[in-house]
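We did not get these values from a lab; they are worked out from the coordinates using the rules stated. Note that the coordinates shown come from a computational prediction; the quantities given were computed from them, not determined experimentally. We place every Cβ from the backbone using ideal geometry, glycine too, and count neighbours over all the protein chains shown.
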Amino acid sequence: MNVLRLRVYESQRLSSRVADQPDDDLPRLVYADWLDEWGDRARGKVCSKLVGAKWAGVGYVRGSGPNS
């Protein structure tokens, strides 16, 4: 398996874990770390900030973001 295919597979696997466990922060933080390691720092930062906002009581609601 080449590196690009492995990266796509890992991204799909990690993002599906986030979707399957919406109330669990751990898969989201693991995915954020993985994104950061693979050079997608902007998306990784967004994932991390969403978890931080949740714990700060900001109350993120799906569909309420600027790109909704």
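Miscellaneous remarks
- The range 3-56: C-alpha gyration tensor shape, a/c 1.5 cut-off, then a/b vs b/c: oblate
- Only Cα pairs under 8 Å and 6+ residues apart enter the sum, and on that basis the relative contact order of the range 3-56 stands at 25 percent.
- A cut-off under 13 angstrom between Cβ atoms defines the neighbours of residue 51, and their net charge, with Lys, Arg +1 and Asp, Glu -1, is 0.
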